[in-house]
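Encoded as structure tokens, the structure appears first; notes follow it.
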Amino acid sequence: MAGIRTKIRDNAVPLALLSPAIAIICLVVLLPLIFSFYTSFTNYTLIRPDSIWQWIGLRNYQRVLTDGDFWVAFGRTVLFLTICLNLEMLFGLGLALLVNRITWGQRTMRTIMMFPMMFSPILIGFQFKYLLNDTIGFVNNALFSLGAISTPIPFLVDSWLALGSIAFAEIWMSTSIFAILILAGLFAMPKDPIEAARVDGCSNWQVFRHITLPFILPFIYIAMTIRSLDVARAYDIVDVMTGGGPAGRTELLWTLIGRTAYDDARMGRANAMAYVSILLSIFFTWYFFRKLMAARKHLGAF
């Protein structure tokens with residue numbers, strides 16, 4: 001009996017110390033999740049607070065799954081995510097390899113490399129919105145001054161150019177995340193295998209393909225996992241630069257959810273959209289986690 005009391009007392013101290021954190025997590029994370037999940041089964045609209053009690057079952061989910069606009073936004077988000085992730089990875093890899101070869105001023109370069117990720121997405125959205133504006137934008141005015149164009153380029157008006165402009169802003173902001181994580185992998189990489197490969201007469205490409213790349217792949221997949229969650233929830237830059245326009249051609253999942261929730265006041269349906277959209281984040285997280293485990297297993301085989 002004394003041993004049981006001692007064990008309970010020993011466990012009570014850590015639980016007491018953790019209780020404030022647990023309470024905050026419940027209040028800030030768990031309760032809003034439960035509330036939003038409940039409202040996804042109701043006809044809750046912001047202009048009618050009493051509608052929160054109007055239980056309609058799976059009707060919101062049925063409407064979402066048969067909504068053409070939702071699936072168009074879903075496909076556009078997958079396309080946007082795929083383009084951004086791959087280009088950020090390629091540019092980040094190239095930047096990390098270049099910085100890794102610098103022998104003087106490397107710390108300064110690493111600091112400069114982190115600047116874009118320090119800015120707020122809203123600030124970056126406004127920055128690129130005015131850079132690419134077709135009347136007062138710096139890019140169009142510079143091209144006019146050089147005589148390269150005779151009519152302004154509608155970067156934020158044409159549907160494909162607008163989506164490309166948003167992707168460009170996203171890539172500019174987040175490439176440094178890939179570069180920093182890959183650079184960390186390059187710093188942790190042992191030099192003996194590379195020196196042995198040089199002695200055996202391997203070319204630079206062979207050293208990179210068979211030694212460097214397998215070692216840094218876990219770092220690349222970690223960056224992919226982090227960025228896939230961020231890009232799948234892209235809202236700030238899109239809302240500031242185009243507001244989902246023109247005519248909804250740059251609307252991504254979370255801008256559509258925001259418009260449904262706050263502009264149309266249909267909070268119940270918006271929450272249903274959000275829970276369906278979470279499947280996209282879960283899929284990419286699962287996919288990159290599997291790739292990460294496979295890369296770590298392959299690395300441990302050497």
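Before moving on, here are some points about what is shown:
- The listed peptides 211-218, 31-38, ordered by packing as a protection proxy, come out as 211-218, 31-38 (highest mean of other Cβ atoms within 10 Å first).
- Estimated [θ] at 222 nm from DSSP helical runs (n ≥ 4, -39500 (n - 2.57)) normalised by residues in the chain, nearest 500: -23000 deg cm²/dmol
- For the peptides 50-62, 226-238, 194-206, residues were scored by their other Cβ atoms within 10 Å and the scores averaged per peptide; the highest-first order is 226-238, 50-62, 194-206.
- Under the span-like rule (Cα at least 24 Å along the axis, Kyte-Doolittle mean at least 0.0), DSSP H helices of the chain: 2-25, 68-101, 159-188, 213-232, 267-300
- Of all aspartates and glutamates in the structure, the ones whose alpha carbon falls short of 19 Å from that of residue 291, not counting any fewer than 8 places away in one chain, are 88, 230.
- Both radii come from the Cα set of the chain: Rg as radius of gyration, Rh as Kirkwood radius; their ratio Rg/Rh reads 1.07.
- Here the range 105-170 and the range 192-253 have alpha carbon centers that stand 21 Å from each other.
Each value in this text was obtained by applying a stated rule to the coordinates, not by laboratory testing. From a predicted model like this one, the values you see are computed outputs, not experimental measurements. Quick reminder, even Gly has a Cβ in these numbers, built from the backbone with ideal geometry, and neighbours come from all protein chains shown.
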